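The values are calculated or read from the model by the stated rules, or taken from the named source; none is laboratory data. Predicted model, so just to flag it, every value in this text is computed and none were measured. Here the Cβ positions follow ideal geometry from the backbone for every residue, glycine too, while neighbour counts run over all protein chains shown. All accessible areas refer to the heavy atoms of the entire protein, side chains included, with ligands and DNA or RNA removed. Shrake-Rupley method; radii C 1.70, N 1.55, O 1.52, S 1.80 Å.
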Amino acid sequence: MKTFTSPAELHAWSREQKRLGRVVGLVPTMGCLHEGHLSLIREARGRCDVVVVSIFVNPAQFGPSEDYDAYPRREQDDLALCEGEGADAVFLPSPADMYPPDASTWVEETVLAKGYCGAQRPGHFRGVCTVVAKLFNIVGPDVAVFGQKDFQQVAVIRRMVRDLNFPIEIVRAPIVRDADGLAKSSRNAYLTPEDRTSALSLSRALATARAAVASGERSAATLEAAARAETTAAGWVPDYVNVVDSETLMPLQEVLPGASAMLIACRKGNLRLIDNTLL
């Protein structure tokens, strides 16, 4: 497994892989890898000849009061996990490698990024789009794999790829959950045992919504009210609970089976968790 810190060196290596006719896959991460990330690497491995994993805690997607400095970092453990999953290369740039001191260019999607986490975290998706566009230019992947856990992020990136004509297939891989249903997340490290138990209300709310839809419920308002009640009873304050079109993210009044999702974000003190499910 090769390790790169220089964008130019990784770009040259990736161009050589493509010259040799190999399909190049990219898995962008912020490190602190867990089973969810590893499932993305496996998905890329199954689709591509070579797989690049990027590990970069992107300062541009954190707000001034968010947890950039505290965000968990485990570089050596992450490298071992990448090698164990058969990654061919890992990209470990520094902020200075990715953002020159006088950087003044940004990439921004302005419709799908407006609501939900975009409304709660101003500037977040501008930072996401900018760093992902830079990674696409550096690696030049044929395929890029993202997790469904960040549902809005995948929709925003797909729109960016479409609008800017990146010749890249964007794959949305399923959420990986612990045995008790909690969605895997690097930020789960912040949870106390009590918080973790109460956080299961998010996955319970989503499971209840899926079951209701399977039983014939179609009212988005009914599903949203039940999910809010479930999480609120556990001490979590919803930022949003919405049934949306799974492609456009537009709020729906009625569930469209196979084309809808429920998105949920909740807070408890300084903690914030997101989750979702396809309906």
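Computed values, structure above
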| read-out | value |
| --- | --- |
| Any hit, segment 257-266, residues being β-branched (V, I, T), within 23 Å of F146 (Cα to Cα) and modelled with pLDDT of 95 or more | yes |
| Tally of residues being over 19 Å from the mean Cα position of the chain (by Cα) and on the phi < 0 side of the Ramachandran plot across segment 251-278 | 10 |
| First in segment 155-181 and surrounded by fewer than 20 Cβ atoms within 10 Å (Cβ to Cβ), second anywhere and modelled with pLDDT under 95 and outside any loop (DSSP other than H, G, I, E, B), Cβ under 7 Å, 6 or more apart | none |
| Test: residue in segment 217-227 that is open to solvent by less than 30 Å² (accessible area, probe 1.4 Å), touching a Pro at 6+ places or on another chain (Cβ under 9 Å), at pLDDT 95 or above and not in a helix (DSSP H, G or I) | no |
| Options E16, E83; residue that is of a type in the set (D, E), touching a residue at least 40 places away in the same chain (Cβ under 8 Å) and farther than 30 Å from G269 by Cα | E83 |
| Filter result for the condition that a residue is part of a loop (DSSP other than H, G, I, E, B), touching a residue at least 12 places away in the same chain (Cβ under 8 Å) and open to solvent by less than 10 Å² (accessible area, probe 1.4 Å), over L249, L202, L206 | L249 |
| Test: residue in segment 232-241 that is within 18 Å of R267 (Cα to Cα), of a type in the set (A, V, I, L, M), surrounded by fewer than 16 Cβ atoms within 10 Å (Cβ to Cβ) and touching a residue at least 12 places away in the same chain (Cβ under 8 Å) | yes |
| Test set (1) at pLDDT 95 or above; (2) touching a strand residue (DSSP E or B) at 6+ places or on another chain (Cβ under 8 Å) - F166 fails condition number | (2) |
| Subset of segment 19-46 that is assigned to a helix (DSSP H, G or I), charged (D, E, K, R) and in contact with an Asp or Glu (Cβ under 8 Å, 6 or more places away or on another chain) - its residue that is surrounded by the most Cβ atoms within 10 Å (Cβ to Cβ) | R45 |
| Spans of helices (runs of 4 or more DSSP H) in segment 87-140 with at least 1 residues at pLDDT 95 or above and touching a strand residue (DSSP E or B) at 6+ places or on another chain (Cβ under 7 Å) | 117-120, 124-139 |
| Complete set of residues in segment 176-198 that are assigned to a helix (DSSP H, G or I) and of a type in the set (G, A, S) | S186, A189, S198 |
| Hits in segment 252-272 (condition: in contact with a strand residue (DSSP E or B) (Cβ under 6 Å, 6 or more places away or on another chain), part of a strand (DSSP E or B) and among the hydrophobic types (A, V, I, L, M, F, W, C)) | A261, M262, L263, I264, A265, C266 |
| Some residue of segment 60-72 being buried (at least 21 other Cβ atoms within 10 Å of the Cβ) and part of a loop (DSSP other than H, G, I, E, B) | no |
| Pick from segment 97-107, criterion farther than 17 Å from G31 by Cβ and more than 20 Å from the chain's Cα centre (by Cα), ranking: surrounded by the most Cβ atoms within 10 Å (Cβ to Cβ) | Y99 |
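So that you can scan it fast, the table gives a plain yes or no per residue for (1) among the small types (G, A, S); (2) closer than 19 Å to V154 by Cα:
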site	(1), (2)
T3	no, no
H11	no, no
G21	yes, no
V50	no, no
A60	yes, yes
E66	no, no
D77	no, no
P93	no, no
